Amino acid sequence: AYVVTQNCIRCKYTDCVEVCPVDCFYEGENFLVIHPDECIDCGLCEPECPAEAIYLDDEVPDTQQIFIEINAQLSEQWPNIKERKEPLPDAQAWDGKPDKLALLIK
Ligand code: SF4
Ligand code: F3S
């Protein structure tokens, strides 16, 4: 499955949601996750993310392995999101900032 990683936090552009054929994105306050059992590995969302936050599970960088578990867990708790919406207001300022995991609102 594909995985949303740290650079989505506080950006949440949601361009990924628009292209997902199976609507397997789930939404928190400042982050989205992909449900690993629902994702069909089509790969459409990955190039759509302006923050380059989406990776195939096999290709998640070493420093971000924890996000595989985070996507699995939070996709069971958060509501489904099917349509694109406005990014968070400071998305551009937060894009590329390091160590955003501590800012994730669960
Ligand atoms: Fe949806 Fe395809 Fe992305 Fe999986 S890889 S989350 S099915 S768009
Ligand atoms: Fe997040 Fe990128 Fe989607 S910033 S909401 S994974 S388009």
One residue is enough: does the stretch 57-78 have a residue meeting the conditions outside any loop (DSSP other than H, G, I, E, B) and touching a Phe, Trp or Tyr at 6+ places or on another chain (Cβ under 6 Å)? no
Restricting the search to the stretch 80-94, which residues are away from ligand 1 (no atom under 16 Å from the Cβ), over 13 Å from the mean Cα position of the chain (by Cα) and in a loop (DSSP other than H, G, I, E, B)? K85, E86, L88, P89, D90
Restricting to the stretch 2-24, count the residues that are crowded, with 18+ Cβ neighbours inside 10 Å and closer than 20 Å to D58 by Cβ. 10
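Quick one: which of I34, I81, I9 is within 9 Å of ligand 2 (Cβ to nearest atom), touching a strand residue (DSSP E or B) at 6+ places or on another chain (Cβ under 6 Å) and in contact (Cβ under 8 Å) with a residue 60 or more places away in the chain?
The conditions single out I81.
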Per the filter on the stretch 60-75, residues under 14 Å from the mean Cα position of the chain (by Cα) and either polar (S, T, N, Q) or surrounded by fewer than 18 Cβ atoms within 10 Å (Cβ to Cβ) (or both) are Q64, Q65, I66, I68, E69, N71, A72, Q73, S75
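Bear in mind that the values in this text are calculations on the coordinates, not laboratory data. These numbers were taken from a predicted model, which means no experiment stands behind them. Positions of Cβ are backbone-derived with ideal geometry, glycine not excepted, and every protein chain shown enters the neighbour counts.
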